[in-house]
Structure formats: C-alpha cells, structure tokens
Amino acid sequence: KKTIFSGVQPSGALTIGNYLGAIKNWVQLQEEYDCYYCVVDMHAITVPQEPKDLRKNTLEILALYLACGLDPEKNTLFIQSHVSAHAELGWVLNTMTYMGQLNRMTQYKEKSQKSEQNLNAGLFTYPVLMAADILLYDADVVPVGEDQKQHLELARDLAERFNNRYSETFTVPEPFISEFGAKIMSLQEPGKKMSKSDEDPNAYILLLDDEATIKRKIKRAVTDSLGVVKYSDEQPGIKNLLTIYSKFTGEKIEEIERKYDGKGYGDFKEDLACIVADGLKPIREKVNYYMSNKSELEAIYAEGARKAERKAAKMLRKVYKKIGFIPKS
Ligand code: TYM
C-alpha cells in the first residue's frame, strides 16, 4: 500500500476552499492508501496565536476531519506537536536548505508583505518543517490545493539532496492536486484565492457558517453583466461558483450549464446556496457533536500519536545515523 501524508493548519476556521481543495479528496483516498492526516499546530504558530484559540482550533480541525468522513480506524489522525520527530527532522533539513530557495517562496513573500511586525524566522523556514512532515512518513503522495505546490517541490528537492549526499533514505513525494477545484477563489475578488485571512468575510464561506450566512454570502458573490451561466475565463465569478456547485453535487459542468440555460444568475445562486448549506449542515452538526464529546477526540489523537510516532521515530533514527550522530544505545 502506498502512503499519503497531508495536513491543515489550525490557524482559524476553515473555508470551503480547504474542504473542496484538500479534505474532500482525502476522504476518497483513505480506501486505497495508508494515510497520515495531521493537524499541523507547529505550523500555525508561525503567526501569533492566542493559546486558548489554538487549543480550540486544533481540536476543531480534528473534529472536522472526522465530520468530513475520515475514519480513525483506517487513517492515522494526529496532532503534529505530539510527535517530536517533526521538529527534529525539520532542524536537520534546515541545515540542508539554501536561503535562496526559501526567498523564492511566493507564500512567504505574500505573507511578509502583508504584516511587517509579525515576521519571524519560523515563517521563513516553514516550508522546511512541511518537508519534514512529509518525508518522515515515506509519503508517496501528498494531496493538497494548488497553493502548496511550490512547498512540495522543496520537499522533493530536499529528499533528493539528502539521498544524493548520504544514500537512498527518503521517498520523493508526488503532489496530488486535482485538476479541478484545486483553487477555490474569493467570492468578492475571483482573481484571488479564497482565504480565511481575507479582511472581507463575504469573500469566503466557512465550513461552520450557519445557513443564513452561507445564503447571504452566495447571494452577494460577485458575478458579471453577461447573464449566462457559463464556465469561461471571461466570467471568473460564475466560473468559480460553477466549480463549487460541481464539487458539491458531483455533477459535470456541462450538465449544470444546461440546467441553467436561459435562466438568470438569481436562480443559479439560490440553488447553489441551498446545495452548499445542505452539504455543510451534517459536517457542522458532527463537529458540534465532537466538540462536546472531547473524550472521543482525545482517544483518537492519542492513538494517532502512537501510530505516527512509531513510524516517525524509525525514520529519524535512520537519518541521525546517516549524518553521523552517535546512537544512544
Ligand atoms: P492550509 O492549512 O493553508 O490549507 C489546508 C489545505 O487546503 C488547501 N487550500 C485550498 N484549496 C483550494 N482552494 C483554496 N482556496 C484553498 N485554500 C487552502 C491547501 O492547499 C491545503 O492543502 N502548509 C500547509 C499545511 C501543511 C501540509 C504539510 C500540507 C503542513 N505540512 C504537509 C501537506 C503536507 C498549509 O498551510 O495548508
């Protein structure tokens, strides 16, 4: 069985972009692969976090994994800070990463331009920790949204560099980016990625938004004056809404276009609002269930940490030996 690794940062509420671009695909992959799905709390602290919020968000992401359909029996679901090997391998890989490579990371450039006062070394070296996450588990495949592609290239590069310098150690991971829906756009500026850190809450739909909020946000979504429901680059707003529609229902774009032939954006948006609201309702309910039954979550992350730790420790031992660290015993 091939191995998968992926993760989500508990840095706030998740959007339907995170769901459609990543978690929804994971659910399909869990049958075929040996999957490690992590809540990457150590990544989240690259921007300041209130401890109480970080605790809540971390559990909430785990609850979301379960609510979206990830089975804790089939997958290893765990919290990054529970497995110390992530930080340890991260350090080793830091010493093998060129500053120039990190300077070229577009996500860092964007984030550092936005908030000057928050700049810290962790934000800069964050992709190296991400590489450690992946390489520790011998992951063959990493399912992510399009915005993580560049980070994944670094992970591949570091795996190859290590293998060349020492000897065959790491599996070189392949990105899995679905050709459709890997980049859900802002509802207000469809040229821009949908992001939970957008200042305008109308730009995104959160997985935990209530029904009225979802409907209002879709109603206000930016469209155009052409008035035809068509998947075209000239209509980026409608194109994005069609993508969301298709990802939620599984219907093909052409079928949806046909269904709204001769109809206006009003009808289309109204239906879409119901589809998204209905699609998210069971997820929201399950998250609420787990958040009020924390002992179930505790049992799941404890077991996940045990499984993850076993595999990660083995890899770290191998790495330490190859670079010349003396084994304890
Ligand atoms: P994060 O927490 O920002 O996002 C989690 C996942 O959601 C995807 N995503 C999107 N997909 C489509 N449209 C969007 N608008 C959208 N916004 C976010 C992301 O691509 C991601 O797959 N660095 C990672 C977390 C991470 C990780 C890892 C991932 C840490 N270590 C190892 C994979 C493997 C991140 O910040 O994702």
(message) Considering only residues that are within 28 Å of Tyr301 (Cα to Cα) and open to solvent by 70 Å² or more (accessible area, probe 1.4 Å), which ones fall in segment 85-135?
(response) Trp91
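In this structure, does Ser232 turn out to be free of Cβ contacts under 8 Å to residues at least 40 places away in the same chain and hydroxyl-bearing (Ser, Thr, Tyr)?
Here the answer is yes, as Ser232 does meet what is asked.
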(message) I'd like the full set of residues that are within 15 Å of Thr95 (Cα to Cα) and either touching a strand residue (DSSP E or B) at 6+ places or on another chain (Cβ under 7 Å) or within 7 Å of the ligand (Cβ to nearest atom) (or both), limited to segment 130-153.
(response) Met130
(request) For segment 6-40, name all the residues that are free of Cβ contacts under 8 Å to residues at least 60 places away in the same chain, open to solvent by 20 Å² or more (accessible area, probe 1.4 Å) and more than 9 Å from the ligand (Cβ to nearest atom). (result) Val27, Gln28, Glu31, Glu32, Asp34
(request) Determine whether Arg156 is out of contact with any Ser or Thr (no Cβ under 6 Å at 6 or more places or on another chain) and within 13 Å of the ligand (Cβ to nearest atom). (result) yes
(request) Among residues belonging to segment 239-281 that are of a type in the set (Ser, Thr, Tyr) and farther than 23 Å from Gly191 by Cα, point out the one that is least open to solvent (accessible area, probe 1.4 Å). (result) Tyr260
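Could you pull out every one of the helices (runs of 4 or more DSSP H) wholly within segment 218-329 that has 2 or more residues that are within 28 Å of the chain's Cα centre (by Cα) and within 27 Å of Cys35 (Cα to Cα)? Show your work before the answer.
Details: elements: 236-249, 253-259, 265-291, 294-323.
By residue number, 236-249, 265-291, 294-323.
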(request) Please find, among Thr3, Thr97, the residue that is within 13 Å of the ligand (Cβ to nearest atom), modelled with pLDDT of 95 or more and within 29 Å of Ile323 (Cβ to Cβ). (result) Thr3
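Which residues, counting only those in segment 100-121, are closer than 30 Å to Phe325 by Cα and free of Cβ contacts under 8 Å to residues at least 12 places away in the same chain?
Gly100, Asn103, Ala121
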(request) Tell me which of these Val128 doesn't satisfy, since it passes every other one: (1) touching an Asp or Glu at 6+ places or on another chain (Cβ under 7 Å); (2) touching a residue at least 24 places away in the same chain (Cβ under 8 Å). (result) (1)
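The values are calculated or read from the model by the stated rules, or taken from the named source; none is laboratory data. A quick note: this is a predicted structure, and the numbers were derived from the prediction, not measured. Cβ: placed from backbone, ideal geometry, glycine included. Neighbour counts: every protein chain shown. Accessible surface areas use protein heavy atoms only, side chains included; no ligands, DNA or RNA. Shrake-Rupley method; radii C 1.70, N 1.55, O 1.52, S 1.80 Å.
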